[in-house]
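First up is the structure itself, then whatever we jot down about it.
What follows draws every value from the coordinates through simple rules; no lab data is involved. In this text the structure is predicted, and so the values were computed from the model without any measurement. When we count neighbours, we look across all protein chains shown, and the Cβ atoms used for this are built from the backbone with ideal geometry, even at glycine.
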Amino acid sequence: MAETRTALVTGANKGIGYEIAAGLGALGHRVGVGARDDARREEAVARLRAAGVDAVGVPLDVTDDASVAAAAELLADRFGRLDALVNNAGITGGMDQRPTTVDLDVVRTVVETNVLGVIRVTNAMLPLLRRSPSPRIVNVSSGVGSLTRQSGPDGELTTGPVAVAYSPSKTFLNAVTVQYVRELAGTGILVNLACPGYVATDLNGFRGVRTPQQGAATPIRLATLPDGGPTGGFFEDAGTVPW
């Protein structure tokens, strides 16, 4: 019988993150539910367990070094390794984000979560991922991080309003992910970016047109790629996203 695979999903207490955790659990993964809010995390764990998922709560604030280190230690003690890491936690920083009037603290806060948080978590979890025979890293990005789409004639239609904190944070994340792909080439660790699409979550005031379940489909697929699968790609349901 195949050994149970273990995944960690950050920001997994609600929305897309919760559905990623649920989907991986339905495929037989043991899932670490990473979230900083204790009550919401444990409520999510209870819901997942009620649905038959082997879920474990992982206290995790991606902006805090000590919290991330403690999460890695918890997973090491409980499971000894990690097979899939899905960096889903993210914030928009709110609106208005016009570059000429934006509060620079908003930009710093968004980058701290959406970019530095991914680096912090990934580096803490890499020793556990290296113990897996088929490790996978999925960074949840967005089509708004596509410079091709942002600079095209239909930018407003394809990437939403001007947002100098959120949109460039995803472009930054895309570039950071490419650097991980380069460094980890030949290790068997597949690293990819997932765009969930315009999903109705509290991140956008539930204005999206896709369900969280639909948004979770691509991250789940990338977290469960077979050996020899793609690495260094930027994917959405329809295929690849232009850089």
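Suppose R0 equals 25 Å; then what is the FRET efficiency for VAL178 and ALA238 from their Cβ-Cβ distance, rounded to the nearest 0.05?
0.75
Note the angle between two axes, namely the Cα long axis of helix 38-50 and the longest principal axis of the Cα atoms of the chain, as a number of degrees from 0 to 90, rounded to the nearest 10.
Approximately 60 degrees, to the nearest ten.
Would you look at the GNM of the chain, springs on alpha carbons closer than 10 Å, and say which of ARG30, ARG221, ARG136 moves the most?
ARG221
Give me the percent of DSSP beta bridges within the chain that run antiparallel, rounded to the nearest 5. Present the calculation step by step, with values, prior to reporting the outcome.
Numbers: 2 of 29 bridges.
About 5 percent, rounded to the nearest 5.
Let me know the volume per residue of the alpha-carbon convex hull for region 6-240, in Å³.
118
Under a GNM of the chain (C-alpha, springs under 10 Å), which listed residue has the highest mean-square fluctuation: ASP38, ASP83, ASP105?
Taking springs between Cα atoms under 10 Å, the residue moving most is ASP105.
Could you tally the net charge around PRO135, taking each other residue with its Cβ under 12 Å from the Cβ of PRO135, Lys/Arg +1 and Asp/Glu -1? Kindly include the intermediate steps, with their values, before the conclusion.
Details: positive: ARG5, ARG81, ARG130, ARG131, ARG136; negative: ASP83, ASP227.
Once positives and negatives cancel, what remains is +3.
Could you state, as a whole-number percent, how many of the C-alpha pairs of region 70-142 are farther apart than 21 Å?
I get 39 percent for the Cα pairs in region 70-142 exceeding 21 Å.
With axes computed from alpha carbons, what is the tilt in degrees of helix 117-129 against the longest principal axis of the chain, rounded to the nearest 10 within 0 to 90?
The angle comes out near 20 degrees.
Test of understanding: in a Gaussian network model of the chain with alpha carbons linked when under 10 Å, which of THR100, THR171, THR211 would top the mean-square fluctuation ranking?
Checking each option, the largest mean-square fluctuation is seen for THR100.
Output the relative contact order of the chain, whole-number percent, from Cα pairs under 8 angstrom with separation of 6+ residues.
Worked out over the chain, it gives 19 percent.
So how compact is region 18-92: Cα radius of gyration and Dmax in angstrom?
11.9, 34
Compute the angle between helix 166-183 and the longest alpha-carbon principal axis of the chain, please, reported from 0 to 90 degrees and rounded to the nearest 10.
50
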